[in-house]
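Chemist: The structure that follows is given in the form of structure tokens.
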Amino acid sequence: MLKALIYIPLLILTVTIFFNCEKNMDALTGLDGNDTTFNGGVVVRKPNIYIYPAEEIEMDVELHFPKGGEILESNPKYVNNWHIQVEPSGFINTEYRYLFYEARIPNILQREFAWIVKGKELDDFFRKNLADLTFSVMEIKDFLDYWLPYFSSEKTYVIYPHFTKELSDVIEINFSLPPENLNRIIYWIEEYTGNVTVKRPEIPDYKRDGFTVLEWGVIYN
């Protein structure tokens, strides 16, 4: 059972939403401007980590910030690491479909490669892009359901991708039982102002066979 807060001027309503075998975290840290800097850094918002072992396993998952950073939110609660039991279906501790966290990190991510996408085309863009990165229909739906409402169809956006290799220098994920494939994507998204020159990114050759872990998330200023 998940409790989400809906804010209305002068009134706070608590709405209880029921999910089948799923826990979710709807709070988006930093959209109110309170968590948008960390020594000149940025907030990585709502990364979801999906874990698919070949058989049921018990393992530890640890986040490490080689260049500095801190966790703002997590679900289930992160204390030094996550100690979890994972089924081949991806269910974690029999109730979560993914690990969730948000973190502040230094602003050292790449700004050279990006796509420029009109807001009205974001749905199609993310469906294809995430599919190319081996995300499933369900995982893509999770992304679209959460993120599309934050963007306007009337605007154009610059989308800087950060893949597994780049992210390992900033947000490192360590596993007590290492996966065969670790497929990560964090999109840094900004409104396009017309004065940005970028190169087209190349999609890495991710694999999804055997023990696979996938992660998506967004930096949105």
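Coordinate-derived values only; no laboratory data. Fair warning: this is a prediction, and the values are worked out from it, not measured in the lab. Quick reminder, even Gly has a Cβ in these numbers, built from the backbone with ideal geometry, and neighbours come from all protein chains shown.
Chemist: For the stretch 39-123, run through the GluC sites (Glu not before Pro) and keep only the ones in DSSP coil with at most 13 other Cβ atoms within 10 Å of their Cβ.
Modeler: Answer by residue number: E55, E56, E95, E112.
Chemist: Tell me the net charge near Y157. Cut-off is 12 Å between Cβ atoms, Y157 excluded, with +1 for each Lys or Arg and -1 for each Asp or Glu.
Modeler: So the environment of Y157 carries a net charge of -1.
Chemist: Here's something else I'd like to know. Once the other residues with Cβ under 14 Å from the Cβ of P66 are scored (Lys, Arg +1; Asp, Glu -1), what is the net sum?
Modeler: Net of charged neighbours comes to -3.
Chemist: Using 1/(1 + (r/R0)^6) with R0 = 35 angstrom and r between the beta carbons of N181 and I116, what's the FRET efficiency to the nearest 0.05?
Modeler: That gives a FRET efficiency of 0.75.
Chemist: May I ask you to compute the full-extension gain from A131 to V196, defined as 0.36 nm times their residue separation minus their alpha-carbon distance, rounded to one decimal in nm?
Modeler: Computed gain between A131 and V196 is 20.7 nm.
Chemist: Dipole of the stretch 67-221, Cα-centred, from +1 at each Lys and Arg C-beta and -1 at each Asp and Glu C-beta, to the nearest 20 debye?
Modeler: 240
Chemist: Expressed as a whole number of Å, what is the distance separating the alpha-carbon centroids of the stretch 104-154 and the stretch 54-80?
Modeler: Cα centroid of the stretch 54-80 versus Cα centroid of the stretch 104-154: 23 Å apart.
Chemist: Could I ask something else about it? Taking the stretch 135-221, which GluC sites (Glu not before Pro) meet the DSSP loop condition and have no more than 12 other C-beta atoms within 10 Å?
Modeler: Values: sites: E139, E154, E166, E172, E180, E190, E191, E202, E215; in loops: E154, E180, E202.
Of the GluC sites (Glu not before Pro), the ones in loops of the stretch 135-221 whose Cβ has at most 12 other Cβ atoms within 10 Å are E154, E202.
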